[in-house]
């Protein structure tokens, strides 16, 4: 449902929210390495996110990306709108030109509640709330996180 660009953008913002304090800055190279994403592609995405005030940045040798309190109040939906737009959430799951409650496709009533739930969660939760949930429930935004936890558990 989401493009790779959008997934990378969401993961990079969650990474910044989890690991970088407001008074710190981190370069795109380190973000790309941590998330195992293509650096040039991620650099363009982060520039687009900064232009749309979804991340903050400073240029120069001590520059980089970070999230301020305002950025943390944005939602995943804000990222989706910036990178992918909202058309995918309005389109028919089966690709039919007109589909809705009045003229449903064969899977409309199965998919519609799922889409509404994603929309609500993406729109109503702030980045700060997503990060709190990630930390509380031990979820991962990178396979490196999973491998590090796995290595710690096997060493014990």
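The values are calculated or read from the model by the stated rules, or taken from the named source; none is laboratory data. Just so you know, these numbers come straight off a predicted model, no measurement behind them. Glycine gets a Cβ as well: all are built from the backbone with ideal geometry, and neighbour counts include every protein chain shown.
What the table shows:
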{"quantity": "Selection from segment 44-64 of residues that are in contact with a helix residue (DSSP H, G or I) (Cβ under 7 Å, 6 or more places away or on another chain), over 21 Å from residue 125 (Cβ atoms) and either modelled with pLDDT under 95 or part of a loop (DSSP other than H, G, I, E, B) (or both)", "calculated": "57"}
{"quantity": "Matching entry among 60, 64 (being over 20 Å from residue 7 (Cα atoms) and crowded, with 17+ Cβ neighbours inside 10 Å)", "calculated": "64"}
{"quantity": "Sole exception among (1) surrounded by 14 or more Cβ atoms within 10 Å (Cβ to Cβ); (2) more than 16 Å from residue 130 (Cβ to Cβ); (3) over 12 Å from the mean Cα position of the chain (by Cα) for residue 46, by number", "calculated": "(3)"}
{"quantity": "Selection status of residue 89, surrounded by 14 or more Cβ atoms within 10 Å (Cβ to Cβ), part of a helix (DSSP H, G or I) and more than 15 Å from the chain's Cα centre (by Cα)", "calculated": "yes"}
{"quantity": "When residues of segment 25-43 are limited to those that are part of a loop (DSSP other than H, G, I, E, B) and touching a strand residue (DSSP E or B) at 6+ places or on another chain (Cβ under 6 Å), the one surrounded by the most Cβ atoms within 10 Å (Cβ to Cβ)", "calculated": "25"}
{"quantity": "Neighbours by Cβ (under 9 Å, 6+ apart or cross-chain): first from segment 116-130, free of Cβ contacts under 8 Å to residues at least 40 places away in the same chain; second not in a helix (DSSP H, G or I)", "calculated": "129/75"}
{"quantity": "Per-region count, segment 112-156, residues in a helix (DSSP H, G or I), modelled with pLDDT of 65 or more and either in contact with a strand residue (DSSP E or B) (Cβ under 9 Å, 6 or more places away or on another chain) or within 22 Å of residue 79 (Cβ to Cβ) (or both)", "calculated": "22"}
{"quantity": "Residue among 17, 9 that alone is within 15 Å of residue 72 (Cβ to Cβ), touching a residue at least 60 places away in the same chain (Cβ under 8 Å) and buried (at least 20 other Cβ atoms within 10 Å of the Cβ)", "calculated": "17"}
